[in-house]
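Notes follow once the structure below has been shown.
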C-alpha cells in the first residue's frame with residue numbers, strides 16, 4: 001500500500017529497509033507534530049485544507065492506480081460492513097445515549113443508515129484519516145508539508161467517510177467549528193471537480209453523504225470506545241461525549257432516523 005500511495009503522490013514516509021522474518025521496518029522519521037496538535041494552536045482551516053489536498057491524492061490518483069487484484073480493491077465499506085460496525089453501539093451504546101432507546105426503532109434506523117451509505121460510489125479510502133495520523137513538517141521557508149501514516153487498512157469507501165473521520169473524530173470539534181467544516185468540504189468538492197472527471201455526486205448529495213458518514217462514525221466509536229474501556233484500555237471514554245454531540249448535531253432538525261433522534265434527545 002505504501003508503494004501505491006507514493007505512486008499517487010501521497011506524502012508517505014520513505015521505507016529504507018524491511019525484514020519480514022524479524023517483523024521490522026526502517027522508515028523515515030516524519031516528526032513529532034500531529035496535525036491535531038498544530039491545529040489547536042491556530043490556523044485550523046488552512047491546516048485541514050492541507051489534509052484535504054492529501055486526501056484528494058488518495059481518492060483520485062490512488063484509486064485510478066489501484067490494481068484490481070489488490071486486497072484493498074476487494075474489500076469495501078458496503079451495506080453489510082457499515083451495519084456490522086454498528087453492532088457494538090447496539091450492544092454497549094444504550095447506556096451512553098441520554099434519551100429513549102427503543103431497540104427496535106434504533107435497529108431499523110441503523111439498517112436504513114447502512115443501506116443508504118452502501119449505495120454511494122466508492123474511492124480508495126485511508127479509513128483512519130484523522131489528525132493523529134497526519135504529521136506536519138516545516139522547512140526554513142515555504143508552506144508546511146503534511147505526512148500521512150497508518151494507511152495499512154485502506155479499502156474502498158464513499159469519499160465522505162475519510163472526511164467524516166478527519167473533521168469529527170475524537171475531540172476534533174475543539175478546533176473544527178461548523179464554519180471550518182463547511183469550508184473544508186467546499187474546498188474538497190471544488191478541488192475534486194477541477195481534477196476531472198466530475199464528482200459522481202452533486203454538492204447537496206455529497207454533503208448528505210458526509211452527514212450520514214458522520215452519524216455512522218459517531219455511533220461506531222461510541223460502541224468501540226466503550227468496548228476498549230471494558231477491555232482494560234483506559235482513555236477512550238473521554239471521547240464519547242464528543243461522539244454523542246456529533247451524532248446529535250447531524251440528527252437534529254431532520255425527519256429521518258426517528259428512533260435515533262429519540263435516543264439522542266437530551
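Side notes on the structure shown:
- For the range 250-260, the candidate set comprises residues that are free of Cβ contacts under 8 Å to residues at least 60 places away in the same chain and in a helix (DSSP H, G or I); within that set, the residue that is farthest from residue 173 (Cα to Cα) is 251.
- The helices (runs of 4 or more DSSP H) located wholly in the range 1-68 that include 3 or more residues which are more than 16 Å from residue 134 (Cβ to Cβ) occupy 2-7.
- Some residue of the range 223-234 being within 25 Å of residue 56 (Cβ to Cβ) and in contact with a helix residue (DSSP H, G or I) (Cβ under 8 Å, 6 or more places away or on another chain): no
- Residue in the range 205-218 that is more than 20 Å from residue 36 (Cα to Cα), modelled with pLDDT under 95 and over 12 Å from the mean Cα position of the chain (by Cα) present: no
- Test: residue in the range 44-51 that is crowded, with 21+ Cβ neighbours inside 10 Å, touching a residue at least 12 places away in the same chain (Cβ under 8 Å) and touching a strand residue (DSSP E or B) at 6+ places or on another chain (Cβ under 6 Å): yes
The values are calculated or read from the model by the stated rules, or taken from the named source; none is laboratory data. Here the structure is a predicted model, which means the values were calculated and not measured. For neighbour counting, all protein chains shown are included, and Cβ atoms are generated from backbone atoms with ideal geometry for every residue, glycine included.
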